[in-house]
Amino acid sequence: MNYHINHLRELESESIFILREVVSQFENPVIMFSGGKDSILMTYLAVKAFYPAKVPFPLLHVDTGHNFPETIEFRDNLVAKYGLRLVVGLVQDAIDKGLVTEEKGVNASRNGLQIYTLLDELEKGKFDAALGGGRRDEEKARAKERFFSHRDEFGQWDPKNQRPELWNLFNGRKQIGEHFRVFPISNWTELDVWQYLAEEKVPLPNLYFAHKRNVFERDGVLLADTELIPKKPDEEVFEEMIRCRTIGDMTCTGVWRSKAETVEDIIAEVATTRLTERGGRADDKRSETAMEDRKKQGYF
Amino acid sequence: MSKELHTELLRFTTAGSVDDGKSTLIGRLLYDSKSIFQDQYDDIERISAKRGEEGVNLALLTDGLKAEREQGITIDVAYRYFSTPKRKFIIADTPGHIQYTRNMVTGASTANVALMLIDARNGVVEQTRRHAIIASFLQIPHVVVCVNKMDLVDYSEEVFTSIHDQFEAFAAKLDIKDFHFIPISALKGDNVVTRSENTGWYEGPTLMYYLENVHIASDHNFIDCRFPVQHVIRPYNDDFHDYRGYAGRLAGGVFKVGDEVMVLPSGFTSKVARIDTFDGELEEAFPPMSITILLEDDIDVSRGDMIVRVSNSPRVTQDIDAMLCWFDNTKPIQPRGKYTIRHTTQEARCIVKEVKYKLDINSLHRNLGDTQLQMNDMGRVVLRITKPLFVDSYRQNRITGSIILVDEGTNNTVAAGMII
């Protein structure tokens with residue numbers, strides 16, 4: 001007798017358990033969809049968790065207006081394929097209304113501005129559980145994140161006052177006006193995600209695979225050439241075979257020299273790489289505790 | 001299929017203070033298994049240099065939050081990941097100090113293995129005993145004791161054997177099924193991943209070999225069939241018009257299509273018609289799989305119900321004896337106090353009928369007169385529940401034998417309990 005499932009099946013089972021628990025414990029959950037592989041994985045797991053019924057909650061995409069065009073196209077196809085509901089929050093609206101101020105200078109990014117639109121959309125939609133694709137292996141502040149992460153009425157995270165999580169027992173009780181962030185794929189590593197996506201043959205945006213693109217180098221990181229990023233006089237644009245390891249805004253997502261054209265190539269690359277995937281994220285490099293500081297304010 | 005896809009998942013917990021080298025050991029496991037990336041390494045190298053430390057402080061890899069970096073302590077459970085071709089590992093890294101008992105309990109609740117560190121210079125200390133007692137109450141199936149800093153005692157076999165004997169004498173009073181001792185130096189790397197030439201007298205495995213090979217396939221209960229219904233799936237569309245599936249994660253036993261089953265609390269019986277997943281139907285299912293069960297008969301089943309075998313039922317009861325660990329730092333347990341209780345997929349209310357005794361978690365002594373359970377205290381309690389729960393003893397099944405209590409005012413999780 002050998003009853004045994006491999007680590008990917010166990011992670012899948014754990015994530016499906018969390019997704020079903022969310023629907024049972026909350027009135028109005030939503031998936032925070034970024035267009036990256038982690039939120040694609042989470043959406044795919046949600047489809048599995050409720051099969052043959054449809055996913056009983058919508059996707060929320062906070063659109064900074066600085067997305068790669070491929071991200072938007074992929075999002076719309078995914079929504080159509082699984083009959084999902086999509087809510088889009090536009091950062092441009094908040095800027096136009098003067099509610100947030102755009103950063104200035106060559107390194108300007110709308111990454112930080114997303115927080116306002118995100119919290120605003122969560123409030124407007126009366127969403128009480130926002131599902132995120134955050135993983136604990138990504139960044140040191142996320143290593144201590146819970147599956148069910150309580151947020152106060154200002155959407156803030158208090159790392160010192162987190163609810164202990166034991167066994168399979170999750171406590172989603174809250175006061176009116178508070179909400180939860182829930183991270184169903186907390187225990188997956190980057191390699192797990194890729195292995196699973198390969199095994200399941202999940203379609204992904206082309207950005208993840210090696211392609212030719214005009215790029216330039218800044219602070220040791222390659223960035224895609226776009227009119228959204230003003231270049232310094234000494235920054236030269238050149239063509240390179242690259243791919244994205246994470247997908248965020250064009251303004252802050254570093255791209256990598258790579259020849260990985262298939263998921264299998266990517267797995268081989270990830271297994272031997274010596275840099276973390278967020279190593280190319282300018283938004284994390286701002287300070288030693290950049291992620292922790294943003295999380296406390298209500299970032300993803 | 002590639003070779004990685006046969007890897008098992010092993011969860012282990014570590015506890016210890018900054019001084020016994022726990023963070024260094026974890027840093028060493030991550031570093032030697034090549035799970036540390038160059039930018040992370042550069043990062044801690046830079047910070048080590050800024051602090052004026054000699055060499056690269058591997059302990060910095062595990063001290064995540066700002067407060068911890070400032071104070072040089074670990075204040076919460078942090079999860080770390082590494083993998084080898086054989087296994088994927090999840091480490092629940094917890095501080096070992098007495099005020100962090102609740103974190104140790106949290107980390108222990110899902111662990112297959114408890115990794116305990118003993119400083120070879122100090123031998124078995126209070127903190128070792130406390131961790132062993134928690135491992136015993138939380139029924140961690142395997143315990144591995146690493147006698148660390150062997151380099152500081154000249155790799156002495158005598159020191160190792162004496163600590164081994166001390167620990168065994170103490171552990172004889174506990175309920176630990178399987179334990180193992182390894183002499184290591186986390187700092188120098190002896191017997192962590194590679195076998196040490198300094199401990200020629202030691203014939204056992206390295207820590208990494210142990211973690212890769214310890215038998216965990218029997219850690220789940222495959223005997224007593226328990227399926228707590230988590231969510232009812234009703235598609236309401238033309239393709240699946242009469243579909244009524246009970247979704248959940250198996251907590252025990254092996255369910256097969258055609259099995260005669262009983263639904264609790266109604267007691268109605270039926271047969272398993274189908275075991276469904278997105279990837280197709282299964283002939284049988286076992287823990288820890290998430291599945292959807294369809295029954296042959298149209299009976300009323302909802303979240304919180306439990307599907308079991310007719311001949312093997314859990315206890316159906318409104319009265320529970322449990323060993324409780326108190327988590328709340330604002331107030332102690334209230335005798336006659338009312339709390340929300342969560343057990344499997346059930347939620348109910350309960351009243352604390354009696355606190356029988358407080359346990360001294362350093363000596364196992366039962367303090368019969370003391371019923372004030374404060375934060376980090378453990379004690380034996382009797383609870384009365386507003387509706388029947390379907391329970392097993394924690395020893396028999398860690399999932400159907402565990403509970404948490406939630407404060408109805410603050411909504412905080414204030415206690416975790418193991419059903420006796």
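The values are calculated or read from the model by the stated rules, or taken from the named source; none is laboratory data. Small disclaimer: the values here were computed from a predicted structure and weren't measured. Every residue, glycine as well, gets a Cβ built from its backbone with ideal geometry; the counts of neighbours run over all protein chains shown. These accessible areas exclude ligands, DNA and RNA; they are computed on the full protein's heavy atoms, side chains included. Shrake-Rupley method; radii C 1.70, N 1.55, O 1.52, S 1.80 Å.
Of the conditions (1) surrounded by 21 or more Cβ atoms within 10 Å (Cβ to Cβ); (2) closer than 20 Å to B:ARG395 by Cβ; (3) among the hydrophobic types (A, V, I, L, M, F, W, C), B:VAL263 fails just one. Which one is it?
Result: B:VAL263 fails condition (2) only.
Where in the stretch A:1-105 are the helices (runs of 4 or more DSSP H), entirely inside, with at least 3 residues that are over 25 Å from A:ILE115 (Cβ atoms) and charged (D, E, K, R)?
Values: elements: A:7-25, A:37-50, A:69-82, A:91-96.
Hits in the stretch A:1-105: A:7-25.
Do you know which of the residues in the stretch A:248-270 that are open to solvent by 20 Å² or more (accessible area, probe 1.4 Å) and free of Cβ contacts under 8 Å to residues at least 40 places away in the same chain is farthest from the other protein chains (Cβ to nearest Cβ)?
Ranking the candidates gives A:ARG257 first.
Please find, among A:LYS48, A:LYS81, the residue that is surrounded by fewer than 20 Cβ atoms within 10 Å (Cβ to Cβ), over 20 Å from the mean Cα position of the chain (by Cα) and in the same structural domain as A:VAL182 (by TED's automatic domain parsing). Give the steps one after another, and end with the answer.
Working: A:LYS48 fails: over 20 Å from the mean Cα position of the chain (by Cα).
One residue alone meets the criteria, A:LYS81.
Does at least one position in the stretch A:227-239 carry a residue that is closer than 20 Å to A:GLY35 by Cβ and touching an Asp or Glu at 6+ places or on another chain (Cβ under 6 Å)?
no
Taking the options B:LYS256, B:LYS338, name whichever one is farther than 28 Å from B:GLN374 by Cβ and open to solvent by 30 Å² or more (accessible area, probe 1.4 Å).
Details: B:LYS338 fails: farther than 28 Å from B:GLN374 by Cβ.
Exactly one residue qualifies, and that residue is B:LYS256.
Any chance the stretch A:123-139 includes a residue that's within 16 Å of B:ASN412 (Cα to Cα), more than 7 Å from chain B (Cβ to nearest Cβ), open to solvent by less than 40 Å² (accessible area, probe 1.4 Å) and in contact (Cβ under 8 Å) with a residue 24 or more places away in the chain?
no
Within the group B:ILE275, B:ILE216, which residue is closer than 12 Å to B:LEU294 by Cβ and buried (at least 16 other Cβ atoms within 10 Å of the Cβ)?
On the way: B:ILE216 fails: closer than 12 Å to B:LEU294 by Cβ.
That would be B:ILE275, the only listed residue that is closer than 12 Å to B:LEU294 by Cβ and buried (at least 16 other Cβ atoms within 10 Å of the Cβ).
Does B:ARG384 satisfy being away from chain A (no Cβ under 13 Å) and assigned to a loop (DSSP other than H, G, I, E, B)?
On the way: away from chain A (no Cβ under 13 Å): yes; assigned to a loop (DSSP other than H, G, I, E, B): no.
Answer is no for this residue.
Which of the residues spanning the stretch A:1-20 are among the basic types (Lys, Arg) and more than 7 Å from every other protein chain (Cβ to nearest Cβ)? Before you say what the answer is, go through the steps one by one.
We begin by selecting, within the stretch A:1-20, every residue among the basic types (Lys, Arg); these are A:9, A:20.
Passing the criteria: only A:ARG9.
Do we have A:LEU118 as over 30 Å from A:ASP234 (Cβ atoms) and touching a strand residue (DSSP E or B) at 6+ places or on another chain (Cβ under 7 Å) here? Don't jump to the end; show me each part of the working.
On the way: over 30 Å from A:ASP234 (Cβ atoms): yes; touching a strand residue (DSSP E or B) at 6+ places or on another chain (Cβ under 7 Å): yes.
Yes, satisfied.
A:LYS54 - would you say it is in contact (Cβ under 8 Å) with a residue 12 or more places away in the chain, surrounded by fewer than 23 Cβ atoms within 10 Å (Cβ to Cβ) and in contact with a strand residue (DSSP E or B) (Cβ under 9 Å, 6 or more places away or on another chain)?
So A:LYS54 fails the test.
Within the stretch B:114-142, work out how many residues are more than 12 Å from every other protein chain (Cβ to nearest Cβ), crowded, with 24+ Cβ neighbours inside 10 Å and not in a helix (DSSP H, G or I).
Final tally of qualifying residues: 7.
Please go through (1) at the interface with chain A (Cβ under 8 Å from one of its Cβ atoms); (2) modelled with pLDDT of 65 or more; (3) over 30 Å from B:ASN329 (Cα atoms) for B:TYR79 and return the number of the only condition it doesn't satisfy.
Of everything listed in (1) at the interface with chain A (Cβ under 8 Å from one of its Cβ atoms); (2) modelled with pLDDT of 65 or more; (3) over 30 Å from B:ASN329 (Cα atoms), B:TYR79 misses just condition (3).
Could you look through the stretch B:219-239, keep only residues that are touching a residue at least 60 places away in the same chain (Cβ under 8 Å) and polar (S, T, N, Q), and pick out the one that is farthest from B:VAL254 (Cα to Cα)?
Selected residue: B:GLN230.
When the stretch A:179-214 is examined, which residues are found to be assigned to a strand (DSSP E or B), open to solvent by 10 Å² or more (accessible area, probe 1.4 Å) and outside the structural domain of A:ALA271 (by TED's automatic domain parsing)? Spell out how you get there, then give the answer.
Going residue by residue through the stretch A:179-214, those that are assigned to a strand (DSSP E or B) are A:179-182, A:211-214.
Cutting the leftovers down to open to solvent by 10 Å² or more (accessible area, probe 1.4 Å) gives us A:179, A:211-214.
Matches in the stretch A:179-214: A:HIS179 only.
Return the residues of the stretch B:144-162 that are under 13 Å from B:LYS22 (Cα atoms) and open to solvent by 30 Å² or more (accessible area, probe 1.4 Å); say none if nothing qualifies. Spell out the reasoning first.
Of the stretch B:144-162, the ones under 13 Å from B:LYS22 (Cα atoms) are B:145-149.
Hit for the stretch B:144-162 is B:LYS149, nothing else.
Tally up the residues in the stretch B:219-244 that are more than 8 Å from chain A (Cβ to nearest Cβ) and open to solvent by less than 30 Å² (accessible area, probe 1.4 Å), please.
7
Pull up the stretch A:153-190, narrow it to residues that are touching a Phe, Trp or Tyr at 6+ places or on another chain (Cβ under 9 Å) and facing another protein chain (nearest Cβ under 7 Å), then point me to the one that is farthest from A:TYR116 (Cα to Cα). Write out each step before concluding.
Keep residues of the stretch A:153-190 that are touching a Phe, Trp or Tyr at 6+ places or on another chain (Cβ under 9 Å), which gives A:157, A:163-165, A:168, A:170-172, A:174, A:179-184, A:186-189.
From what's left, facing another protein chain (nearest Cβ under 7 Å): A:163-165, A:168, A:171, A:174, A:187, A:189.
Numbers: A:ARG163: 25, A:PRO164: 28, A:GLU165: 29, A:ASN168: 33, A:ASN171: 27, A:LYS174: 22, A:ASN187: 28, A:THR189: 29 Å.
Filtering first and then ranking leaves A:ASN168.
Checking A:ASN107 against (1) in contact (Cβ under 8 Å) with a residue 40 or more places away in the chain; (2) open to solvent by less than 60 Å² (accessible area, probe 1.4 Å); (3) more than 14 Å from chain B (Cβ to nearest Cβ), which single condition isn't satisfied?
Every condition holds for A:ASN107 apart from (2).
So, of the residues in the stretch B:157-210 that are touching a residue at least 24 places away in the same chain (Cβ under 8 Å) and hydroxyl-bearing (Ser, Thr, Tyr), which turns out to be nearest to B:PRO85 (Cα to Cα)?
By that ranking, first place goes to B:TYR210.
Checking A:ILE72 against (1) out of contact with any Gly (no Cβ under 6 Å at 6 or more places or on another chain); (2) within 14 Å of chain B (Cβ to nearest Cβ), which test does it fail?
For A:ILE72, the exception is condition (2).
Looking at A:GLY248 and the list (1) modelled with pLDDT of 90 or more; (2) small (Gly, Ala, Ser); (3) closer than 21 Å to A:THR43 by Cβ, which single condition is not satisfied?
Going through (1) modelled with pLDDT of 90 or more; (2) small (Gly, Ala, Ser); (3) closer than 21 Å to A:THR43 by Cβ one by one, A:GLY248 breaks only (1).
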